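Engineer: Can you keep this structure in mind? I'll have questions shortly.
The values are calculated or read from the model by the stated rules, or taken from the named source; none is laboratory data. Small disclaimer: the values here were computed from a predicted structure and weren't measured. All Cβ positions, glycine included, derive from the backbone under ideal geometry; neighbour counts span all protein chains shown. What goes into the accessible areas is simple: the full protein's heavy atoms, side chains included, and nothing from ligands, DNA or RNA. Shrake-Rupley method; radii C 1.70, N 1.55, O 1.52, S 1.80 Å.
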Amino acid sequence: MHYSVSHHKLKLILSAHGLATGDAGGIDQLFGGKDGYYWYGTVRDMCPPDKTISWENQYALVQAIQAHENATAEEDEMKPQVPSAANIAALSKLLANPL
């Protein structure tokens, strides 16, 4: 299965679930519960505006998200976070491309 993210796609996902970009609680739940809003922000930040990033499989998607998290954590001199299984499942479901 292929996956992709863009600012436009994220806006469509939120809209389809009746959420606004500032609805942290709703986005938390949509993106896997605890820290869901954090991972939503991470994928939004890793994608340049007006561009789409795509991956061939779930492994590549998760690897790219973690690599971005590791790099930004290092810049901020912080320990990188790791998405939970629930976060990964939600991200995979939401960012999957239809056949």
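Engineer: Would you work out what percent of the accessible area of the chain, with all protein chains in place, is carbon or sulfur (probe 1.4 Å)? Each step should come with its number before you reach the end.
Structural biologist: On the way: 3330 of 5970 Å².
For the chain, the apolar C and S fraction of the accessible surface comes to 56 percent.
Engineer: For the chain, what size does the Cα cloud have along each of its three principal axes, sorted from largest down, in whole Å?
Structural biologist: Cα extents, longest axis first: 36, 30, 27 Å.
Engineer: Now a separate question. What distance in nm separates the two pseudo spin-label positions at LYS93 and ALA71, each 7 Å out from Cα along the beta-carbon direction?
Structural biologist: According to this spin-label approximation, the distance is 2.9 nm.
Engineer: Quick check for you: with a 1.4 Å probe and neighbouring chains kept, what is the accessible area per residue of the chain, in Å²? Show your work: numbers first, answer last.
Structural biologist: Numbers: 5970 Å² over 99 residues.
About 60 Å² of surface per residue is accessible.
Engineer: Within the chain, what's the longest stretch lacking trypsin sites (Lys or Arg not before Pro) that sit in DSSP loops with no more than 13 other Cβ atoms inside 10 Å? Show your work: numbers first, answer last.
Structural biologist: Working: sites that count: LYS34, LYS51.
The longest such stretch corresponds to 52-99.
Engineer: Within the chain, what is the number of lysine pairs with alpha carbons under 24 Å apart, leaving out pairs fewer than eight places apart on the same chain?
Structural biologist: 9
Engineer: Of the chymotrypsin sites (Phe, Trp or Tyr not before Pro) in segment 13-55, which ones lie in a loop per DSSP and count no more than 12 other C-beta atoms within 10 Å? Before the final figure, lay out the partial values.
Structural biologist: Values: sites: PHE31, TYR37, TYR38, TRP39, TYR40, TRP55; in loops: PHE31.
Answer by residue number: there is no such site.
Engineer: What is the magnitude of the charge dipole of the chain about its Cα centre, with +1 placed on the Cβ of each Lys and Arg, -1 on the Cβ of each Asp and Glu, and no other charges, expressed in debye to the nearest 20?
Structural biologist: Numbers: 7 positive and 11 negative charges, 90 e Å.
That gives a dipole near 440 debye.
Engineer: Give me the number: length gained by fully extending LYS11 to GLN29, i.e. 0.36 nm times residue separation minus the C-alpha to C-alpha distance, one decimal in nm.
Structural biologist: Details: separation 18, 0.36 × 18 = 6.48 nm, distance 1.59 nm.
Here the answer is 4.9 nm.
Engineer: Now for a separate question. DSSP loop (so not H, G, I, E, B), at most 11 other Cβ within 10 Å: list which GluC sites (Glu not before Pro) in segment 42-99 pass both filters.
Structural biologist: Details: sites: GLU56, GLU69, GLU74, GLU75, GLU77; in loops: GLU56, GLU77.
The qualifying sites are GLU56, GLU77.
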